[in-house]
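Here is the structure we will look at, set down as C-alpha cells.
The values are calculated or read from the model by the stated rules, or taken from the named source; none is laboratory data. Just so it is clear, the model here is predicted, and its values are computed rather than measured. Cβ: placed from backbone, ideal geometry, glycine included. Neighbour counts: every protein chain shown. Remember, those area values only see protein heavy atoms, side chains included, never the ligands or the DNA or RNA. Shrake-Rupley method; radii C 1.70, N 1.55, O 1.52, S 1.80 Å.
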Amino acid sequence: MDAPNPHLVARMQDHRFSVFGEMSTLARRTGAINLGQGFPDTDGPLEVLEAAITAIGEGHNQYPPDRGIASLRQAVADHQQRFYGQKVDPENVVISTGASESLAAAFLALLEQGDEVVVFEPYFDLYAAGIALAGAVRRPVTLRAPDYSFDPAELAAAVGPRTKMILLNTPHNPTGKVFDAQELAQIAQLAIDHDLLVVTDEVYEHMVYAGHQHVSLATLPGMAERTLTISSCGKTFSLTGWKVGWCHGPKDLVDAVHAVKQHLSFTSGAPFQVAITEALALGDDFYHDLTASLENKRRLISDGLSAAGFTVYPTGGTYYVTADVRSLGYSDGLAFCRSLPDLCGVVAVPTQVFYDHPEAGQSIVRFAYCKRDEVLQEAVERLAGLAH
Ligand code: PMP
C-alpha cells in the first residue's frame with residue numbers, strides 16, 4: 001500500500017482506498033464487464049423518473065425540511081406497515097443522503113471514542129470507515145461459507161463491557177445471506193440481555209428469494225425500543241445515483257442521529273424526495289417483478305459460474321453471489337480479481353478486504369448480477385473460458 005497521507009487523521013489512514021474504486025477503474029481501463037460494483041445498468045421505473053422531472057418543473061428545488069419532506073416520511077412509515085406490520089410514527093423518520101448518511105450519522109451520534117460495535121464480517125466497507133471515523137472499535141463476528149452462518153458462542157463472546165451497538169445488515173452484502181428467524185432471535189436476545197443499541201441496514205430488503213424471508217429486526221419483541229432501521233431507494237428502485245435514504249426508530253435514537261445529520265448534509269435531493277414518495281407506494285406488481293427478475297439473473301450467473309469451475313455459495317437475497325476460486329486453481333481472491341479482466345474481460349471484487357480475519361474469505365470473490373440479461377450472458381460466456 002502507498003505511504004500514509006500526511007494530512008489525513010490517523011484513524012482514517014486504513015480507509016483511504018476502496019476496492020470498489022480500484023476494480024471499477026480496472027473495468028474502465030480494460031473495457032471489461034463490471035460485475036464488481038453493485039449498481040444496476042438499467043434505471044428505475046419510468047413513472048418515478050418522470051415524477052422527479054415533474055417535481056423539478058413544479059419548483060421543488062430549494063432546501064427541503066432537514067428531516068425530509070412530510071409526504072416521504074409518511075410514505076416510509078406506510079411502507080413499514082405494509083410490508084412488516086410495523087407501526088412507525090412519521091415524526092420518527094429522518095430522510096438522509098442515501099443510507100450511507102444515516103449510517104455515518106448513527107456512528108457519529110451514538111458512539112463515544114472507544115465504544116465497541118459488534119459487526120458481522122465480511123462487512124460493507126463503509127461500516128469499518130464510519131466506525132473508525134467515530135473513534136470506535138469494531139468487534140467482528142465471522143460469517144463462514146458455504147452458508148455464511150455464525151457461531152452463536154462467538155457472537156456472545158464479542159460482547160464486552162465497552163460494547164454499545166450491534167450492527168446488522170440483512171439481506172447481507174457481500175454474501176447474499178438473509179439472516180433467518182433463529183439467528184435474528186439470537187441477536188435480539190443478546191441485545192436485550194446487554195442493553196445494546198442495534199443499527200440494522202436493510203437496503204436489500206426487497207431482494208429476497210424463494211425459501212427465504214426478510215424479517216425487519218425492529219419487529220421482534222423488545223427490539224423496537226433499541227433499534228435504528230436504515231434503508232434507501234437506491235437498490236429497491238434501481239436509482240443508486242439519487243441517494244435518498246432514511247432511518248427510523250425510537251424518538252431519542254432518531255433525534256440523536258438527526259442532531260448529527262443536520263450538520264453533515266442538513267438536507268438533500270428535494271425533487272428526488274418527491275419522486276421516492278411515489279415510488280414507495282408502487283403496487284405489489286412492482287415488488288414482485290423486481291424479485292422475479294433478479295431471481296432469474298441469480299440463476300443465470302450462479303449456473304454460469306458453476307459451469308466455469310467456481311464453487312458457488314448459494315444466496316438467499318441481494319443482487320450478489322459469492323464464489324470460491326480455489327476450485328479453479330487459484331488461492332487468492334484479490335490477485336484473482338486483479339487479473340480477471342486480462343484473463344477473460346470480467347471484473348469482480350474480492351471479499352477478503354471486508355474481513356478483519358481475511359483468511360476466512362481469502363479465496364472468495366463477489367459478483368454483482370444487477371445487470372441486463374444479455375450482459376450477464378456475455379459475462380458467463382467469457383467466464384467459461386477460465387475452465388480451459
Ligand atoms: N448499505 C449497504 C449494505 C450497501 O451495500 C450500500 C450500497 N452499496 C449502502 C448501504 C449505501 O446505500 P446508499 O447508496 O443508499 O447510500
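Taking θ = phi - 60°, what integer Hz values does the Karplus form 6.51 cos²θ - 1.76 cosθ + 1.60 yield along the stretch 69-82, in sequence order, with x for Gly and Pro?
Rounded to whole hertz, the list is 6, 4, 5, 6, 4, 5, 5, 5, 4, 4, 4, 5, 5, 5.
Over all alpha-carbon pairs of the chain, lay out the pair-distance distribution in 20 Å bins, whole %, shortest bin first.
With a bin width of 20 Å, the distribution comes to 28, 60, 12.
Tally up the carbon and sulfur contribution to the accessible surface of the stretch 13-65 as a whole percent, 1.4 Å probe, everything protein left in place.
Carbon and sulfur atoms account for 53 percent of the accessible area of the stretch 13-65.
Sort out for me the Cα centre separation of the stretch 187-243 from the stretch 300-322, rounded to whole Å.
Here the two parts' Cα centres lie 24 Å apart.
Which net charge results for the neighbourhood of Ser232, defined as the other residues with beta-carbon distances under 13 angstrom from its beta-carbon, given Lys and Arg at +1 and Asp and Glu at -1?
Spelling it out: positives minus negatives among the neighbours equals -2.
Order 367-377, 240-250 from most to least packed using the mean count of other Cβ atoms within 10 Å.
In descending order of packing, they fall as 240-250, 367-377.
Arrange the peptides 176-188, 93-105 so that the one whose residues have, on average, the most other Cβ atoms within 10 Å appears first.
Final packing ranking: 93-105, 176-188.
Given R₀ = 51 Å, what would the calculated FRET efficiency be for Ala384 paired with Asp252, taking r from the Cβ atoms and rounding to 0.05?
Approximately 0.40, to the nearest 0.05.
Using r as the Cβ-Cβ distance of Asp342 and Thr42, and R0 as 30 Å, what FRET efficiency do you calculate, to the nearest 0.05?
That pair, Asp342 with Thr42, gives E of 0.60.
Tell me the per residue accessible area of the chain using a 1.4 Å probe; a whole number in Å² is fine.
Value returned for the chain: 41 Å² of accessible area per residue.
When only the heavy atoms of the protein chains count and the probe is 1.4 Å, how do Ser231, Ser268 rank by accessible area, highest first?
Per-residue accessible area, sorted high to low, gives Ser268, Ser231.
If the chain between Val9 and Lys87 were fully stretched, how many nm would it gain, using 0.36 nm times the residue separation less the Cα-Cα distance?
Length gained between Val9 and Lys87: 23.9 nm.
If you bin every alpha carbon distance in the stretch 1-86 into 5 Å steps from zero, what whole percent lands in each bin?
Calculated over all Cα pairs of the stretch 1-86, the distribution is 3, 9, 9, 11, 11, 12, 15, 16, 10, 4, 0 percent.
With the contact rule set at Cα under 8 Å and sequence spacing of 6 or more, what percent relative contact order holds for the stretch 46-279?
The normalised contact order for the stretch 46-279 reaches 30 percent.
Once the whole set of protein chains is in place, how much accessible area is left on Thr277, using a 1.4 Å probe, in Å² to the nearest 10?
Estimated to the nearest 10 Å², Thr277 gives 30 Å².
For Gln377 and Asp66 in the same chain, what is the full-extension length gain: residue separation times 0.36 nm, less their Cα-Cα distance, in nm?
The Gln377-Asp66 span can extend by a further 107.5 nm.
Considering only protein heavy atoms, with the full assembly of protein chains and a 1.4 angstrom probe, order Val353, Val257 by accessible area, largest first.
Listed by decreasing accessible area, they come as Val353, Val257.
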